[in-house]
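One structure is given below, encoded as structure tokens.
The values are calculated or read from the model by the stated rules, or taken from the named source; none is laboratory data. Everything numeric here is computed off the predicted structure, so don't read it as measured data. Here Cβ is always computed from backbone atoms with ideal geometry, including for glycine, and neighbour counts include all displayed protein chains.
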Amino acid sequence: MKNIFLSMLFAFALSAQTQAQVSMEIKAGPVVSNWRGAGLNTFNSIVGITGNFISRKPYTGFYAGSAAEIPVSENITLQAGLQYSQTGTVLQGDLGIKVLDILNLKAKASMIQQTIEIPLLVKVATGKGFSVMGGPIAGYHLNNKLHVKATALVFNMVNKTYDMNEYFEKFNMSLAGGLQYRLENGLGIQAIYTHNLTGILKDRDAKVYTQSARIGLSYIF
């Protein structure tokens, strides 16, 4: 995984040195993400969740970054980028969490991953400002935090953040696909879906993957 990540980083460095007709794009927007996979119970065991939680909900974060667009042909470009993203999942309901020494309180536990990403996407122009894109994204997790807020009656019993880095892989690989519409003045909007391919937990038997949807504004210059 680390070799793949370094190879993509090297490709990005080479693309940045390309001189002919290279354009730069900046982009930012919200990210709605959640976890999927048969290993979700393993994560619950790691944290020490007991009882029956009401629901697992998507986590809303954001992403921001920039990219170099290198023309390959009249309608095809290669986009090599560098960006920051926040993804995760949210448990909400009546929770007992052993690491907090609390039992069956009304709680909200947000697992938040902060990641540096290197997307290498192929974009194909379909006409009238529209394009489709797809390709791999290499990620490096900067932080993995568990933020818990718990209440009893109207009182805040817990409002703390815990470091969970020891349970998560540092590197990951995802696949992305989406659409973009760009105006003639360079302003654009894009919608991108990503699916993690390699799993995020260090426990190899725990198959947990991140899925996300991103809608952002972009500007090319």
_When you check residue 151 against the structure, is it within 16 Å of residue 88 (Cα to Cα) and surrounded by 14 or more Cβ atoms within 10 Å (Cβ to Cβ), yes or no?_
no
_As an exercise: evaluate residue 206 against (1) of a type in the set (Gly, Ala, Ser); (2) surrounded by 15 or more Cβ atoms within 10 Å (Cβ to Cβ); (3) closer than 26 Å to residue 28 by Cβ and give the number of the one condition it does not meet._
(3)
*Looking at residue 216, is it touching a Gly at 6+ places or on another chain (Cβ under 6 Å) and either over 16 Å from residue 113 (Cα atoms) or in contact (Cβ under 8 Å) with a residue 12 or more places away in the chain (or both)?*
yes
*When you go through 161, 194 one by one, which is the residue that is loosely packed, with under 14 Cβ neighbours inside 10 Å, touching a strand residue (DSSP E or B) at 6+ places or on another chain (Cβ under 7 Å), in a strand (DSSP E or B) and of a type in the set (S, T, N, Q)?*
161
_Which of the strands (runs of 3 or more DSSP E) found entirely inside region 1-102 contain at least 2 residues meeting this: among the aromatic types (Phe, Trp, Tyr) and either under 30 Å from residue 203 (Cβ atoms) or modelled with pLDDT of 95 or more (or both)?_
53-71
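Residues are listed down the side, and each one gets a yes or a no for (1) under 20 Å from residue 72 (Cα atoms); (2) touching a His at 6+ places or on another chain (Cβ under 9 Å); (3) among the hydrophobic types (A, V, I, L, M, F, W, C); (4) assigned to a strand (DSSP E or B):
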{"position": "107", "(1), (2), (3), (4)": "no, no, yes, yes"}
{"position": "116", "(1), (2), (3), (4)": "no, yes, yes, yes"}
{"position": "142", "(1), (2), (3), (4)": "no, no, yes, yes"}
{"position": "166", "(1), (2), (3), (4)": "no, no, no, no"}
{"position": "198", "(1), (2), (3), (4)": "no, no, no, no"}
_Could you tell me how many of the residues in region 27-45 are buried (at least 16 other Cβ atoms within 10 Å of the Cβ) and β-branched (Val, Ile, Thr)?_
2
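Is it the case that some residue within region 162-172 is more than 18 Å from residue 109 (Cβ to Cβ) and of a type in the set (D, E, K, R)?
Yes; the residues of region 162-172 include at least one that is more than 18 Å from residue 109 (Cβ to Cβ) and of a type in the set (D, E, K, R).
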_Residue in region 177-191 that is surrounded by the most Cβ atoms within 10 Å (Cβ to Cβ), counting only those that are within 20 Å of the chain's Cα centre (by Cα) and free of Cβ contacts under 8 Å to residues at least 60 places away in the same chain_ = 180
